[in-house]
Each structure stands twice: as structure tokens, then as C-alpha cells.
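Below is one structure, written out as C-alpha cells, with a few remarks after it.
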Amino acid sequence: QVQLVESGGGEVQAGDSLRLSCAVSGRTLSIYAMGWFRQAPGKERECVAAITRGGGSSIYSPSMKGRFTISRDNAKNTVYLQIDSLKPEDTAVYYCAAGGRLGLTWTQYDYWGQGTQVTVSS
């Protein structure tokens, strides 16, 4: 069974940066495409970014381009999401997900972590 554990969230000020991590265990990370999603209170889950198995290609939701950077280190079984210039509207629970194919739709992913809370104050 694949397990995903996110970390790195917290309470920050607008303009700060955060790097979220997602540690994968149970299976080797390199067989999965990985995605980061977020869900704010009262809103639907939305995709932030996704990355291919080898890390050679990544895609971003149009509204997420510029301040978010997804990366992975398969040797460490870890996926990262760098968020720069944080804004209050970035406040959400951030989830990582593993799946067989690259995509920006949450239904394409089979395994999910429990999420890490990011709260941005102005």
C-alpha cells in the first residue's frame, strides 16, 4: 500500500515562501506521476501542479503559474512544492497525490496524503 505524508505547512505572512514536502512510502516513487492539489474552506479541490515520473516535465494550472514550482527527488521518495510570494488566498489544505498518468484532474490520482494546512495572513 502506498502512503503519502505531507509536511511543511504552517502560518505565514503574505509575501513569505514555503516549501511543502510529500514523503512516499510503500512503493518506489518513480512509478508514479505526482500532483499537488489544494482545497480552501467552502471551495472545491483544485490542482496546483503535476510532474511526470522522472521529473522531466511538469504542468501547472493556469492560475498557478509563476509562484508555484513542483519538483521531485526519486532517490529520496519525496515530492516538493515551492510556493513563493504567498497571498492570503493561498490559504488552504495542500494535498499530494500519486497516480499512473500525469494530469490536472483529481480523479486521475489513486493515492492521497492527509494534507498539510497553509495559512497566510495579510
Single condition W106 does not satisfy, out of (1) farther than 19 Å from G8 by Cα; (2) at pLDDT 95 or above; (3) touching a Lys or Arg at 6+ places or on another chain (Cβ under 6 Å): (2)
Under 8 Å by Cβ, and 6 or more places apart or on different chains, what pairs join a residue from the range 77-94 that is small (G, A, S) with one that is open to solvent by less than 40 Å² (accessible area, probe 1.4 Å)? A92/R38; A92/A40; A92/V118
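The values are calculated or read from the model by the stated rules, or taken from the named source; none is laboratory data. Just so it is clear, the model here is predicted, and its values are computed rather than measured. A quick note on method: Cβ atoms are made from the backbone with ideal geometry, for glycine too, and the neighbour counts reach across all protein chains shown. Protein only, heavy atoms only, side chains kept; ligands, DNA and RNA dropped before computing areas. Shrake-Rupley method; radii C 1.70, N 1.55, O 1.52, S 1.80 Å.
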